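Visitor: Structure in structure tokens, see below.
The values are calculated or read from the model by the stated rules, or taken from the named source; none is laboratory data. In this text the structure is predicted, and so the values were computed from the model without any measurement. Here Cβ is always computed from backbone atoms with ideal geometry, including for glycine, and neighbour counts include all displayed protein chains. For the accessible areas, the whole protein counts, side chains as well, though only heavy atoms, and no ligand, DNA or RNA atoms are used. Shrake-Rupley method; radii C 1.70, N 1.55, O 1.52, S 1.80 Å.
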Amino acid sequence: MKSTDKEETQSGLGRRSFLGGAALIGAAAWMGCGSPPSGEKLPVGPTTAPEGNTLKAGLVGCGGRGTGAAGNFLDAGPGLQIWAMADLFDDRLQRSRERLKAQRGVDVPDERCFTGFDAYRKLIDSGVDLVLLATPPHFRPEHFAAAVEARKHVFMEKPVAVDPAGVRSVIETGEKADAFNLSVVTGTQFRHQPSFIETYNRVQEGVIGDLLAARAYSLRGQLWYREPQPEWSEMEAMLRDWVNWIWLSGDHIVEQHIHGLDVVRWFMGSDPAKAVATGGRARRVTGDQYDFFQTDYELQNGTHIHSLCRQIDGCTNNISRWVVGTKGYTNCEDTVFGPDGTVIWKYEKEDDNSPYVQEHIDLVTAIRTGERVNEAKETAHSTLKAIMARMSAYTGQEVGWEQAMDSPMNLGPSQYAW
């Protein structure tokens, strides 16, 4: 097998009427932050961010997703600028820089391009108003803490941590962001997608009755990987192949499957009380993590959530999320079914923004209207939901929510060096 640069294309730049008054303020205040007040619907966000002073963003992590996030940010509305860029590796920074210049007309000067383990700090100090965090997830808690301490608004990709220590750090930093009146959006784009929001509202209205169970599937082929090169140190080899290493990605149940786990957690409205999981490794070419996981989550009320995720080529694929009630069920995305499978409601609108753009619209709207949004705690809890399943699968033991939250587990080296 040959290594591949698939990560540069799978989530790149292609992923992408102003609403006034109360609708806009409500969207900024509640978007992505869990359930609205009792009896109120979760509002859909505006279709573009309002005008305002120029917002200068710094991109930390210049791979495919980071470059894509930069483009999504620029698409969110007027007066938005990529001001600075940072990455561990100069070649990746330059590749991203060239793409943004060719495709977006963005020309970030040399003096605002930073590399190395401390590049994020230099970027934060370069005059940015907000930061876009798209490095391997291991670095997210430290980078988020530095950005908030410097009073910067934050967009950070999911997951927000790879271990319980990181989850607790993100929750604490999220509380500081509230105290500093900062807005934080966390890359869980389905919470910003109108079709998901309207489906969620139907479920909250009781259209499928009392909720009985949920399923979350992420069955897909192998992701990209990099084989180590003779000139690379072990640290560099891991960092360039980060998606396959537990301490950097959290394993794919955390790094990828968090989307499905977050959606069913959002719809069900509860963290799991405990998890029992199995898994194994059969085909992975590099790294130290599993190929597949199966998890049974149990909520406090005894309701169960079934989770499957797998990354092996040549198998049946299924990326979906389902919630089942006493009167029907839903795919969470755009359709509600009756008990016999007949469609009883369907989202029909076809001209919505890309959810990858919409989450940036909601962030910029929150910043410019002063109606803050802060998704840090919500996504930290969804991240822990994935981590507790990984802990169970690795150990063969049942893992409780408080047990996972209180765990001293802190993955990765104590200091970074090549």
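Visitor: Along the positive direction of the dipole of the stretch 161-268 (beta-carbon charges: Lys, Arg +1; Asp, Glu -1; about the Cα centre), which of S195, V167, S233 reaches farthest?
Guide: Result: S195.
Visitor: Tell me, what % of the accessible area of the chain is carbon and sulfur with a 1.4 angstrom probe?
Guide: 48 percent
Visitor: Semi-axes of the equivalent ellipsoid for the chain, please: Cα gyration tensor eigenvalues, times 5, square-rooted, ordered largest first, whole Å.
Guide: Details: eigenvalues 193, 154, 76 Å².
Calculated on Cα positions only, the semi-axes equal 31, 28, 20 Å.
Visitor: Just the Kirkwood number for the stretch 249-324, please: inverse of mean 1/r across all distinct Cα pairs, in Å, one decimal. Intermediate results must be reported in sequence, preceding the final value.
Guide: Numbers: mean 1/r = 0.0746 Å⁻¹.
One over the average 1/r among Cα pairs gives 13.4 Å for the stretch 249-324.
Visitor: Any idea which of Q289, T316, N53 is furthest toward the positive side of the dipole for the chain, if Lys and Arg beta-carbons carry +1 and Asp and Glu beta-carbons -1?
Guide: T316
Visitor: Additional query: Explain nothing, just compute: Karplus ³J(HN,Hα) = 6.51 cos²θ - 1.76 cosθ + 1.60, θ = phi - 60°, for every residue of the stretch 295-311 in order, whole Hz, x for Gly and Pro.
Guide: Karplus-based 3J(HN,Hα) across the stretch 295-311 equals 10, 10, 9, 10, 7, 4, 8, x, 5, 10, 10, 9, 10, 10, 9, 7, 10 Hz.
Visitor: Once the Cα gyration tensor of the stretch 82-145 is diagonalised, what are the square roots of 5 times its eigenvalues, in whole Å and ordered largest first, as equivalent ellipsoid semi-axes?
Guide: On the way: eigenvalues 73, 34, 24 Å².
Value: 19, 13, 11 Å, ordered largest first.
Visitor: Now for a separate question. Using +1 on the beta carbon of Lys and Arg, -1 on that of Asp and Glu, and nothing else charged, what's the dipole of the stretch 161-202 about the Cα centre, debye to 20?
Guide: 120 debye
Visitor: Related question: Where does the chain land at 222 nm, in deg cm²/dmol rounded to the nearest 500, when only DSSP H runs of n ≥ 4 count, each adding -39500 (n - 2.57), divided by all residues?
Guide: Result for the chain, helices only: -10500 deg cm²/dmol.
Visitor: Still on this model: What is the dipole size for the chain, taken about its Cα centre, with +1 at each Lys and Arg Cβ and -1 at each Asp and Glu Cβ, in debye to the nearest 20?
Guide: Magnitude of the dipole: close to 340 debye.
Visitor: Can you bin every Cα-Cα distance in the stretch 202-286 into 10 Å intervals starting at zero and give me the percent of pairs per bin, rounded to whole numbers?
Guide: Binned Cα distances yield the sequence 13, 36, 25, 16, 8, 2.
Visitor: Can you tell me the Rg and the Dmax, both Å, for the Cα atoms in the stretch 35-117?
Guide: Gyration radius and largest Cα-Cα distance of the stretch 35-117: 16.0, 52 Å.
Visitor: With respect to the cross-link table entries K158/K327; K101/K158; K122/K377; K349/K377; K101/K152; K158/K385, which display a Cα-Cα separation exceeding 21 Å?
Guide: From K158/K327; K101/K158; K122/K377; K349/K377; K101/K152; K158/K385, over 21 Å: K158/K327; K101/K158; K122/K377; K349/K377; K101/K152.
Visitor: Ratio to report: Rg/Rh of the stretch 165-223, with Cα atoms as the point set and Rh obtained by the Kirkwood method; give two decimals.
Guide: Rg/Rh for the stretch 165-223 comes to 1.10.
Visitor: Could you report the accessible area of I82 in Å², rounded to 10, computed with a 1.4 Å probe on the protein chains as they sit in the structure?
Guide: Solvent-accessible area, nearest 10 Å²: 10 Å².
Visitor: Can you give the accessible area per residue of the stretch 49-196, in Å², using a 1.4 Å probe? Walk me through the numbers before you get to the answer.
Guide: Working: 4700 Å² over 148 residues.
Counting only protein heavy atoms, the per-residue value for the stretch 49-196 is 32 Å².
Visitor: Work out the charge dipole of the chain with +1 on the Cβ of Lys and Arg and -1 on the Cβ of Asp and Glu about the Cα centre, then indicate which of G79, A179, A145 is farthest towards its positive end.
Guide: G79
Visitor: How much of the pair distance distribution for the stretch 103-238 lies past 19 Å, counting alpha-carbon pairs only, in percent?
Guide: Everything past 19 Å amounts to 67 percent.
Visitor: Let me ask another. Which loop-located GluC sites (Glu not before Pro) does the stretch 275-361 contain, where loop means any DSSP state but H, G, I, E or B and the Cβ has at most 12 other Cβ atoms within 10 Å?
Guide: Details: sites: E298, E333, E348, E350, E359; in loops: E333, E348, E350.
Answer by residue number: E348, E350.
Visitor: Rounded to two decimals, what is Rg over Rh for the stretch 277-418 when you use alpha-carbon atoms and the Kirkwood radius?
Guide: Rg divided by Rh gives 1.02.
Visitor: Relative to the Cα centre, what is the charge dipole magnitude of the stretch 237-317, using +1 at the beta carbon of each Lys and Arg, -1 at the beta carbon of each Asp and Glu, and rounding to the nearest 20 debye? Walk me through the numbers before you get to the answer.
Guide: Working: 7 positive and 10 negative charges, 26 e Å.
Dipole size: approximately 120 debye.
Visitor: Let me ask something else. Mind jotting down the three principal axis lengths of the stretch 304-354 based on Cα atoms? Whole angstrom, largest first.
Guide: Principal extents (largest minus smallest coordinate, Cα): 35, 32, 18 Å.
Visitor: Which loop trypsin sites (Lys or Arg not before Pro) in the stretch 76-153, with loop taken from DSSP, have no more than 13 other Cβ atoms within 10 angstrom of their Cβ? Please list the in-between numbers first.
Guide: Numbers: sites: R92, R95, R97, R99, K101, R104, R112, R121, K122, R151, K152; in loops: R151, K152.
Those satisfying the criteria are R151.
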